[in-house]
1. Roughly how tilted is helix B:269-283, in degrees to the nearest 10 and between 0 and 90, from the longest Cα axis of chain B?
2. Considering every pair of different Cα atoms, what Kirkwood radius, in Å, is found for chain B?
3. Given a Förster radius of 41 Å and the C-beta distance between A:ALA370 and B:ASN152 as r, what FRET efficiency does 1/(1 + (r/R0)^6) yield to the nearest 0.05?
4. With respect to the symmetry axis carrying chain B onto chain A, which residue of chain B exhibits the smallest Cβ distance to that axis, and what is the value in whole Å?
5. Place the label 7 angstrom along Cα→C-beta at A:ALA370 and in each other copy, then list the distances from the first to the rest in nm, shortest first.
6. Rounded, prolate or oblate: which one fits the range B:209-314, using the alpha carbon gyration tensor with axes a ≥ b ≥ c (rounded when a/c is under 1.5, else prolate when a/b beats b/c, else oblate)?
7. Counting pairs of alpha carbon atoms under 8 Å apart in space and at least six apart in sequence, what relative contact order in percent does the range A:167-311 give?
8. Kirkwood hydrodynamic radius (Cα pairs, Å) of the range A:108-195?
There are 2 protein chains.
Amino acid sequence: MKWSCPPIAEPSPEIARAAAAEIDQKTKPLGSLGRLEALAQQIGAIQGTLRPSLASPAVLVFAGDHGLTEEGVSLYPQAVTAQMVLNFLRGGAAISVFARQHGLALHVIDAGVAAAEPFAWKHIQDAKLHLHAKSRIRPGTRNALHEPAMTNEELDGALGVGDALVSQLSAEGSNAVLFGEMGIGNTSAAALLMSALFDLPVAQCVGRGTGLDDAGIARKIDVLARVLARHAPELAHARAGARGGAASGTEEPGAASHALAALKCLGGYELAMTAGAMLRAAAQRMVIVNDGFITSAALAVAAKIEPRVLRYVVASHQSAEAAHARLLGELGLSPLLNLQLRLGEGTGAALAWPLIQSAVGFLNEMATFASAGVSEA
Amino acid sequence: MKWSCPPIAEPSPEIARAAAAEIDQKTKPLGSLGRLEALAQQIGAIQGTLRPSLASPAVLVFAGDHGLTEEGVSLYPQAVTAQMVLNFLRGGAAISVFARQHGLALHVIDAGVAAAEPFAWKHIQDAKLHLHAKSRIRPGTRNALHEPAMTNEELDGALGVGDALVSQLSAEGSNAVLFGEMGIGNTSAAALLMSALFDLPVAQCVGRGTGLDDAGIARKIDVLARVLARHAPELAHARAGARGGAASGTEEPGAASHALAALKCLGGYELAMTAGAMLRAAAQRMVIVNDGFITSAALAVAAKIEPRVLRYVVASHQSAEAAHARLLGELGLSPLLNLQLRLGEGTGAALAWPLIQSAVGFLNEMATFASAGVSEA
């Protein structure tokens, strides 16, 4: 592989402690800003300063198609992936609206959209909208029921695209990345990864996706169980073969190799790019804003490769997709929002963005008891 | 009384239905924007249009002191109310930071601050900050353990101040009001109102306020129980005497008279002004953004006077103050945020404001399946 996991440092524990002490001097009852206080500490520690700032935040929406949709795992036809990418470019999707609202640069990455005319994307409405059309690996993954979703070379390429894109954003001065995705069938890929990475029965990892009924869910579970059985030997081999050769910082021997094999066999191009992008973002000490079930599955892959990535993550929301709460729990993350969203695209991340700004804002701008002449308890 | 409850209409059910139908045509899986969908419908129905807009939103922070603090119900000295008002005016409080962040006009109303020099307020930092110093009724309420917190005339005046302030904002083009408060001891007043209005044991209505320990809470419960016993005859009389004479729209006979008597005997000037302001805001078809435990108690008074006020309310958050979840439940409200905040000042309302903007934004700006050429399920 050309790609390798970049080195990720721990956020500064000294700054986290100093920020906590400073927050306790702000003019408010102790602890009364709740979740925002831990968030302010985390961002200070990530940036290594008591005066953090958020610069040029970018939403990365990785879009890709899935060969597994041939098996009827989604309610929508595969063509919707390309149609929605056009909708992003024309400014009419939910993430288009929320990115405009919050001044977030919107990057749409064609990770592997299956439509015939993907290179003809050209409807860009907004100056802060960026299209990455040359990133596509292949018009959709292979059908994982019959073969690995991607080859080793494709996996390597996808990880590298995510890595390079975030490296470029970082070089241009961005220090925060919000993750989103689009891909008909990708709740299936995410459920497969969750099941494989955490040794969970697949029935505990599926949900209604874009709106399956009970019969649709039963069919989805049946298909996914067969996919998992198909690849179980290769995944077991990857884990066993790598014992003792784990990457630095990985707690479980073989976890990194197993995660990469799972990503190759079960994943999607958009998921692999997301994992590569998240790892690079942590290496660059950027704030990572996670979205819903799909990006959480990509994050799970990244965390199995290098657990320290999680220290850079803000969990924006818990989605209504049934397995998301469990997946966040496996990752040790507490979501900021629970608005029964199940849309993806980075919409939950974008909706949580102002809360992250508020955490940074109060740390920088609130007076202390001493400076304001307010009596303490 | 000079003040009377203004007439409040139902938000438009036709617009709510039409908005729901339009939302189902937006380019997203059905229902996938979760809580934001109901919020968009509500705001459309309040404004009577499928193209709602939010104009000149204002945070009203009513500040007042409480005679009951003589009984040691709070961890902080009464002087902190005035000190924090100065902090609002100088721009160093949490609500100052969040109001600046979101472009919210901040109105600080001296409802009855006890400090010696309240009319000398003059530290105004921000062009969007407005001080209302002549609204003060009296330097703090009376000690409710010994007499009603306020006289009938003071209650009437406070309701009228809130009413007039919102009338003026409405005349100036604002259509959304966020509520906040400041007042050492006002979790006690709020707990007393909650207990009286919903016939709940006072122990179920108290919390740690700004940070009481267990012994402090026990003392608070003891004091509040004695306050309630002191005023029980007058409250019972108010309810009984008004049976059959209930205000239009009130479901429980005597509820309005009982609520006003509770507000007079147990409440605070800032709570009375808030109730008057909320009722006027609903009458003007403005969006009302509720904050934490204190403003919810004022809302409970308003809702006992005229239940339709609740149709105009967005519950911004559930605070960490123990009784708030129950109080929201009694009011039938579901909070948007649960960030373990317990600061007041309108901070929860301000933090939820971008979500309200997002709801309006997606209703106005998202493409439909037809307009974007996206296939349906």
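The values are calculated or read from the model by the stated rules, or taken from the named source; none is laboratory data. The shown structure was predicted, so the numbers you read here are calculated from the model rather than taken from an experiment. Heads up, the Cβs are rebuilt from the backbone with ideal geometry, glycines too, and the neighbour counts pull from every protein chain shown. Note: accessible area is taken over every heavy atom of the protein model, side chains too, but ligands, DNA and RNA are not part of it. Shrake-Rupley method; radii C 1.70, N 1.55, O 1.52, S 1.80 Å.
1. 30
2. By the Kirkwood definition, the hydrodynamic radius is 20.8 Å.
3. E(calc), rounded to 0.05, equals 0.45.
4. Its Cβ sits closest to the axis: B:PRO354, 2.
5. Relative to the other copies, A:ALA370 has label-point distances of 6.6 nm.
6. oblate
7. Relative CO of the range A:167-311 lands at 35 percent.
8. 14.8
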